[in-house]
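The values are calculated or read from the model by the stated rules, or taken from the named source; none is laboratory data. Just so we're clear, the structure is a prediction, and the values are computed from it rather than from any experiment. Note: ideal-geometry Cβ built from the backbone for every residue, glycine included; neighbour counts use all protein chains shown. Side chains are part of the model used for accessible areas, which takes the heavy atoms of the whole protein and leaves out ligands, DNA and RNA. Shrake-Rupley method; radii C 1.70, N 1.55, O 1.52, S 1.80 Å.
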Amino acid sequence: MKHSALQVPVLVLAGVLAACQPAQDPKAEAAAQAAAQEQAAEEMAKAFEAEYGRQNWELARAHGDVLMSKYPSSAAAARIEERYNEVKGRATQAREQRRLSVLWTYQTQPVKGGEQLSASIYAKDHVDTDGSGARPVQLIFRDHPDWGRSSYLVLEKGDFDCYGGCKVSLKVDDAEPKPVDASRPKTDEAIAMFIEDEKMLWRTVKGAKVIAIEFPVKAGGTRTAVFEVGGLDANKLPKWN
């Protein structure tokens, strides 16, 4: 009973204290919340501007995306809007360039007389060259200390119908196809066909986005291999430049 008697005054006192608290001003509370949001938006804008200055377009876009999503009506969003729209395009280009770059493989191998350097890329789609199913087709540029520079296609199955020489069709981006000399060496080491003018092909690939090579096959007719070459790092084969 003594404990119950003590509880009443405590509850009364709590009520009195609550009544004495000043009432919250809705306008002041809203203003404080808006200020906090503007501050957060400014911090995000600073991060965007830092990456923009570094030309790190993809990370700049990531910061811009968050800012525009969370604080679209902020002063910071208005300030960066023009650059944000620019960055969206640049980030897409950077992502595509990175995708194209990883399509290429570069190798350095020790050989008699020095080093063999090569740059290679697989066709965008597999090609059925002999009726056994679609398989990879590879384009290779090679710099060998004894054999010199060469460019050639390699098949995994089937064979080229180009022994003694032939013409292949080379299409570059949206240009009309043109005939190019090629030849299939008499060797069992690889199913390879050389593009005779390797310097021309190298210059072409350096300035192209996509090339397509149509070549004759022993199975009959021709096949076409399409290569997305726009990510070539020409500095990997310095003697070719």
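Give the carbon-plus-sulfur fraction of the accessible surface of the stretch 54-167 in %, rounded to a whole number; probe 1.4 Å, heavy atoms of protein chains only.
Details: 2960 of 6500 Å².
Carbon and sulfur atoms account for 46 percent of the accessible area of the stretch 54-167.
Can you compute the FRET efficiency between R83 and V210 using 1/(1 + (r/R0)^6), with r the Cβ-Cβ distance and R0 = 25 Å? Round to the nearest 0.05.
Working: r = 31 Å, r/R0 = 1.24.
The computed FRET efficiency comes out at 0.20.
Please work out whether the stretch 19-120 counts as rounded, prolate or oblate from its C-alpha gyration tensor, where a ≥ b ≥ c are the square roots of the eigenvalues and a/c under 1.5 means rounded, while otherwise a/b larger than b/c means prolate and anything else oblate? List each step's numbers first, then the result.
Details: a/c = 5.39, a/b = 3.67, b/c = 1.47.
Cα axes put the stretch 19-120 in the prolate bin.
Along its three principal directions, the equivalent ellipsoid of the stretch 127-231 from the Cα gyration tensor extends over semi-axes of 20, 18, 13 Å, largest first. Computing FRET efficiency as 1/(1 + (r/R0)^6) for A219 and E196, where r is the C-beta to C-beta distance and R0 is 25 Å, gives about 0.60.
Quick one: net charge of R184's neighbours, Cβ under 13 Å, K/R +1, D/E -1? Walk me through the intermediate numbers first.
Working: positive: K167, K186, K218; negative: D159, D161, D181, D188, E189, E196.
Local charge sum for R184: -3.
Per-residue 3J(HN,Hα) values for the stretch 70-83, derived from phi via the Karplus relation 6.51 cos²θ - 1.76 cosθ + 1.60 with θ = phi - 60°, read 8, 10, x, 9, 6, 5, 5, 5, 5, 5, 9, 4, 4, 5 Hz in sequence order (x marks Gly and Pro). Taking 15 Å as the cut-off, the amide N atoms of the stretch 61-75 that come nearer than this to a point 7 Å along the Cα-to-beta-carbon line of Q33 belong to 71. Please give the residues of the stretch 189-215, grouped as numeric ranges, whose backbone N is less than 18 Å from a label point set 7 Å along the Cα-to-Cβ vector of N235. Zone members listed by number: 206-207. Take the chain with all the other protein chains still there, run a 1.4 Å probe, and you get 61 Å² of accessible area per residue.
Taking a ≥ b ≥ c as the square roots of the Cα gyration tensor eigenvalues, with a/c under 1.5 meaning rounded and otherwise prolate when a/b beats b/c, else oblate, which class fits the stretch 159-201? Judged from the Cα gyration tensor, the stretch 159-201 comes out prolate (a/c at least 1.5, a/b above b/c). Stretching D173 away from R135 to a fully extended chain increases their span by 11.4 nm, per 0.36 nm per residue minus the current alpha-carbon distance. Rounded to the nearest 0.05, the FRET efficiency derived from the C-beta distance between Q93 and D25 at R0 = 45 Å is 0.35.
Inter-label distance, R54 to D128: 4.9 nm, where each label sits 7 Å from its Cα along the C-beta direction. In the chain, helices alone account for a calculated mean residue ellipticity at 222 nm of -14000 deg cm²/dmol, with every DSSP H run of four or more residues adding -39,500 (n - 2.57).
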